[in-house]
Each structure stands twice: as C-alpha cells, then as structure tokens.
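One structure below.
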Amino acid sequence: MDGAFDDEAEPAVTISEYLDEVEERELEADLVLGGDEGKECTFNKGYMKRQAIFSCLTCTPDGNAGVCTACSLSCHDGHQIVELWTKRNFRCDCGNSKFGEFYCKIFPSKDVENAGNSYNHNFKGSYCTCGRPYPDPDAEEQVEMIQCCLCEDWFHEEHLGLESSTEIPKDEEGEPMYDEFICKACSEVCFFLKLYPEDIWAAGKQTDPTIQKDKAVLEDMPSTRRTENPICDTSYNSPKIDEVQATVDSESTSLGKSLSQGENTSGGIVPNQCPKSTDLHDNCLLGVNIVDASPVLSNKAMFLSKNWRDALCKCKNCLEFYNQKRIAFLLDKEDSIAEYEQMAKKRREEKLQQQEGAELSFFSKLGHVEKVEILKGIEDMKDGLRAFLESADSSKPITAADVHQFFDEIKNKRRRVQ
C-alpha cells in the first residue's frame, strides 16, 4: 500500500520558494495593472496613454465596450470578464449608453459614449487571425501569443504568416530576442521601416532582400535622430531608395514642390533636396518623402530591436505621414509596453518604500512598553518556529495541518501569558 496516496499528497515547497512565488505573482499583477490599485475609476483621467482594460461579456456581449481595473472589481464582480492586458488611448466605458440601464457604481456621471475608443475582436474574447479564445478550451496545450504594437491584437506564432518559425528571432533557449512586433497586416503601413538601418531589426533577420543596401551605405546611415551629413544630401545616393522608387508608378511618386528630383547612374530617382522644416528634424533621415512615395512591398511580420522607436525620423513630411496613418503614438516614449512596465516597477518600489516607512513611523510612535512587547513577540515566534522545525520528522513533508497546529499553539501560549 506504500505510495497509494502519493498522488493526493500536497506538493512540498520551501518557505523561500513560497515567498518568491508570491513576490513574482504580485510583480506580474503590478506590471499589467501599471501600479493601479483599482480604487478609483479612471474615466476622469480621459483617454489614458495606456492602462489595463477589461471587457464584460455579461453586460456587453457584443464586445463593444471596455472598463478600467476599479470598475472590473467593483461594478462587474462575478460577471464574465475578458482580461485584455493593456490598451492605448482608452477611456473607461463602464455605465455609459452601451450598458443599457446598468450604471457605474464608482462614477456614474459618464459621457454617453467614448468616441475616441477603439475596439477589436479581443473585446469579444477572440484573438489572432484564427479567432480563438485564450485560454483555448479545445487546445491540448496553451501556447503563448505575442502582441502587435500597432493593432494590439494577439497572435499565435504559427499564424504570423512566416515560412518557418525560425524566422522569429530567438536565442538558443527559445527566449525572444526582439523588443516589439508588428503583424503582417500592420506591416503594410510600416513599409518605411525597410528604409532604416539594419540595427532597428532584431538579430538582423528582418531586412528585405529586394531592397538590400550594401555594407558601405549601411555604415553611413544614421541610427540616431540627427547626423552631421544628412542622408538626403545631394552627394548621397542610396541603392535602397533607388529600388523602392523604381517600384512606384511615375505618376504617383512626385515628392512634392519642395523636392527637386535627379537621376543617379543606375537610372533610379533620388531626392536632391529635403523639405525645409522648423520641426524636430530639419532634414529627413530617409531622404524620401514617404507621404507621396508608397512602395509596393510584400507584407511580412516585423520584429524590432530595443529602442527602435528612437531612430524614427521626425521631419515635417514623416510627421505628416505618421498622423495620416494614425501611428504618431510610435513617437511617444510612454506608449511602449516596456516603458509602461518600467513605470509600473517604479510605482511598485515607491509603494513598498512608503509601506516600510509607515511601519517604521508606527513603531517609532509607540511607547517603551509596547515596543518591548512587540520585540518579545517576534523573539517568541522565532524560538517557537525553530523548535517546531527541529522537532519535525525530516523524512516527512510539513503539511498545512502542521502549520495550523503550530499557530494554534502560539495563540494558546499567548492566552496563558495574558
């Protein structure tokens, strides 16, 4: 009969392992919630750059509304909730016209509708191009998904439209080597990223062979916001730009009145002059007006390296393009998930420091007798725990019942002393 009940035995963990697990879970929650303790509705904060959002399918089965952390806890407790992680430029919908006669318990005086909010099939609990839920009840094993930094949908790796999973930049242990990901559909609007140096791509795997630049030109390309010799200077002829321009119909590739065009020795068209601007960049880092020039490139998922956003050009024309395509948020440092999590970690550290300070302040305000009693109680706990562990059978695990018995004995001892 030995081992007959082994499967029912509680898993054994050390105190250190348990505390580490609690700390890890608390950190994960803080990273998702951004340090939001869920005490106040975020509606009054307007369209927040990024916050944790939830969809209540009990109240809005069409998946056309989202609520903040506080409302998900206070107003929708016990409802069918879809956790959406974070969404950008979103304002809490709880209790507005989409919820019928249901009113927000925390802040009922909301606008009829938040016209600036965007919704996708995630709000219905569906993800990826396959439209499956997560967790997927029909899947034998739950596979992690990755989020597009533009549309914010989540995708399974096998549904990225790649020829092989080896195209996803990973290290030898299978950990991702990219910082952000752009899905196949969103890559169409981001064609201009192919004009940047290879160092914006994770592990250098995402360059397009049809518009490859030679090594000499690559070394001359700037990876920062400014350069001593702008790449749009007339002395600079980029093979990449030549080939991109060659793919565009001549009637739709005019670079505007502010650009004069010239031909290089290979017959391609390159800009000879960049538009004058008083914006962040006087000269375009790309040397091409991406507003007018829309090269036809094959759509493919993109994997970007850390700080790739810092390399984006901010000349007048590029800013116009970002606004037209509604991707100007890429220039906002606080938009990225990495920055959001960094801010969450900072808030968590500040919170822990405040708690520690509050405990020290409380202790310092106690009288001498109270302080002695607390210190004596801590010593009794340490002595009792040491005796408990020494008397325990080392060949058997410590069960929950053993721990409860230990604390009951501490309480009884405390009563006898009193």
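Among residues belonging to segment 152-180 that are assigned to a loop (DSSP other than H, G, I, E, B) and within 15 Å of R132 (Cβ to Cβ), point out the one that is nearest to the chain's Cα centre (by Cα). Ranking the qualifying residues of segment 152-180, first place goes to D153.
No other residue among G35, G63 is open to solvent by less than 10 Å² (accessible area, probe 1.4 Å) and in contact (Cβ under 8 Å) with a residue 60 or more places away in the chain apart from G63.
If Q354 satisfies every condition in (1) in contact (Cβ under 8 Å) with a residue 24 or more places away in the chain; (2) closer than 30 Å to L33 by Cα; (3) open to solvent by 90 Å² or more (accessible area, probe 1.4 Å) but one, which is the exception? Q354 satisfies every listed condition except (1).
Would you confirm, using the coordinates I've provided, whether L57 is touching a His at 6+ places or on another chain (Cβ under 8 Å) and surrounded by fewer than 20 Cβ atoms within 10 Å (Cβ to Cβ)? Reasoning before the result, please.
Details: touching a His at 6+ places or on another chain (Cβ under 8 Å): yes; surrounded by fewer than 20 Cβ atoms within 10 Å (Cβ to Cβ): yes.
In short, yes.
Restricting segment 75-94 to residues that are polar (S, T, N, Q) and at pLDDT 95 or above, which is farthest from V32 (Cα to Cα)? The residue in question is Q80. Can you pull out the residues in segment 89-125 that are touching a residue at least 24 places away in the same chain (Cβ under 8 Å) and hydroxyl-bearing (S, T, Y)? Scanning segment 89-125 gives S118, Y119.
For segment 38-54, the set of residues classified as open to solvent by 30 Å² or more (accessible area, probe 1.4 Å) and assigned to a loop (DSSP other than H, G, I, E, B) consists of K39, E40, Y47, listed by residue number.
Among helices (runs of 4 or more DSSP H) lying entirely in segment 331-418, which contain 1 or more residues that are of a type in the set (S, T, Y)? Write out each step before concluding.
Numbers: elements: 337-365, 368-391, 400-417.
Hits in segment 331-418: 337-365, 368-391.
Within the set G63, G78, G95, G116, the sole residue that is assigned by the TED database to the domain that holds L33, in contact with a Pro (Cβ under 8 Å, 6 or more places away or on another chain) and either part of a loop (DSSP other than H, G, I, E, B) or of a type outside the set (G, A, S) (or both) turns out to be G95.
The values are calculated or read from the model by the stated rules, or taken from the named source; none is laboratory data. Quick caveat, the model's predicted, so the values are computed rather than measured. Please note: Cβ atoms are built from the backbone with ideal geometry, for glycine as well, and neighbour counts cover all protein chains shown. The accessibility values were calculated without ligands, DNA or RNA, using every heavy atom of the protein model including side chains. Shrake-Rupley method; radii C 1.70, N 1.55, O 1.52, S 1.80 Å.
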